[in-house]
Amino acid sequence: MPYIINFIHDDKALYPTIRGYRDFFSGSYEVRETSLRQYLKQGDPERSVLWFMMGFYPLPAPPALATIHDYRSLSVGLLAPLKDRLKALCNFKPDLRILQNEVMSDMIGFADGVPQLFLGMGVPSSLPAKARKPAPGPPDFDFVYIGTVSKERRSGALIDSFLRRYPSGRRLLLIGPADPGIVKAYRGCRSVVFAGRLTQAETFDLVMRSKVAVSHFPSHRPHSYQTPTKLIEYAALGRPILANDSPMNLATIRQYDIRATVTSGDIFATAPEPEEIAESPVPDPCPYTWTAVIAKSGIEARLKALIAAREARN
């Protein structure tokens, strides 16, 4: 019987990473997605790897062949640095930690000798193929932004910058959960469209039906240490990209060799007309997909080694 990878989370956030992991590992492992409570009731510890999408787990390590802690982001909200410090001090010690990058590890402050592996962000394998299909028709929008629309992300500054640069004749589409106060403030602006939360398929279709994709990424914690996933998705879709000059936008553009028009924090102030922003060609094979990112990380070999070591001790 195959070994089981149990992806453990508290269901309080979306984890697109799990879909990438599932696609990568399902040929060699049985892959499940569950809560810790459900695993403790019905799990199979003699065949199971527990892969935690990390939150706060200050308990003794549950019975399993191996445990992995996967930190996809830093804490947010009030007292975020303290929350991260408590995670470093109080979460049980796993056999392996996975983080986006070394800076994130330093910010959380691990100092217990647990081995670490760095695995960046990726995109669904379907996106490059979608990018190579004929255009679905004339663009419906000039600019599209995907992400939470909130004060924390300075979304009001993004919209104001757009309205100053293009007072009429252009349309900005915002896809994602939106702060009601921000929606109310711009209710009278016909050029600003709030789509709300959509499915992934609906979102990518709208990106393909827009002239330019916008990566307006914050420069403050925790975003200054995390990859702007939407920027990679735009590149995998081959879209023309307008990006502000946040540190992680710039780092991601360099790391993935993405073509983008980069402006300032006032993102639209010096932006050209959308028709003048060049498309981002999709490499073949595409290095942005989860399959490519996971394979490059070396996690498959590390996982096999963890299982072999545990079985040898047993």
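The values are calculated or read from the model by the stated rules, or taken from the named source; none is laboratory data. Keep in mind it's a predicted model, so treat the numbers as computed, not measured. Don't worry about glycine lacking a Cβ; one is built from the backbone with ideal geometry, like all the others, and counts go over all protein chains shown.
What to note about this one:
- Flag if residue 232 is in contact (Cβ under 8 Å) with a residue 40 or more places away in the chain and of a type in the set (A, V, I, L, M): yes
- Members of the range 85-100 that are more than 16 Å from residue 295 (Cα to Cα) and touching a strand residue (DSSP E or B) at 6+ places or on another chain (Cβ under 9 Å): 87, 91, 92, 93, 94, 95, 96, 97
- Residue within the range 109-117 that is touching a helix residue (DSSP H, G or I) at 6+ places or on another chain (Cβ under 7 Å), hydrophobic (A, V, I, L, M, F, W, C) and outside the structural domain of residue 213 (by TED's automatic domain parsing) present: yes
- The listed residues are 85, 19, 97, and the only one of them that is at pLDDT 95 or above, of a type in the set (Lys, Arg) and out of contact with any Leu (no Cβ under 6 Å at 6 or more places or on another chain) turns out to be 97.
- Within the range 191-201, if we keep just the residues that are hydrophobic (A, V, I, L, M, F, W, C) and touching a residue at least 40 places away in the same chain (Cβ under 8 Å), the residue that is farthest from residue 162 (Cα to Cα) turns out to be 194.
- For the range 181-202, residues that are of a type outside the set (Val, Ile, Thr) and in a strand (DSSP E or B) total 3.
- In the range 77-96, the residues that are under 10 Å from residue 108 (Cβ atoms) form Cβ pairs under 9 Å with partners that are loosely packed, with under 13 Cβ neighbours inside 10 Å and of a type in the set (Val, Ile, Thr), at six or more places apart or across chains, as follows: 83/76.
- Pairs, first without any contact (Cβ under 8 Å) to a residue 60 or more places away in the chain in the range 202-214, second among the hydrophobic types (A, V, I, L, M, F, W, C), C-beta under 7 Å, six or more apart: 203/146; 203/175
- Enumeration of residues in the range 203-225 that are assigned to a helix (DSSP H, G or I) and closer than 17 Å to residue 100 by Cβ: 223, 224, 225
- Filter result for residue 239 (closer than 24 Å to residue 135 by Cβ, in the same structural domain as residue 131 (by TED's automatic domain parsing) and over 17 Å from the mean Cα position of the chain (by Cα)): yes
- Some residue of the range 42-52 being buried (at least 19 other Cβ atoms within 10 Å of the Cβ), touching a strand residue (DSSP E or B) at 6+ places or on another chain (Cβ under 8 Å) and without any contact (Cβ under 8 Å) to a residue 40 or more places away in the chain: yes
- Complete set of residues in the range 235-265 that are farther than 30 Å from residue 84 by Cα, without any contact (Cβ under 8 Å) to a residue 60 or more places away in the chain and not in a loop (DSSP other than H, G, I, E, B): 235, 241, 261, 262
- Candidates 267, 277, 232, filtered to the one that is surrounded by 23 or more Cβ atoms within 10 Å (Cβ to Cβ) and more than 17 Å from the chain's Cα centre (by Cα): 267
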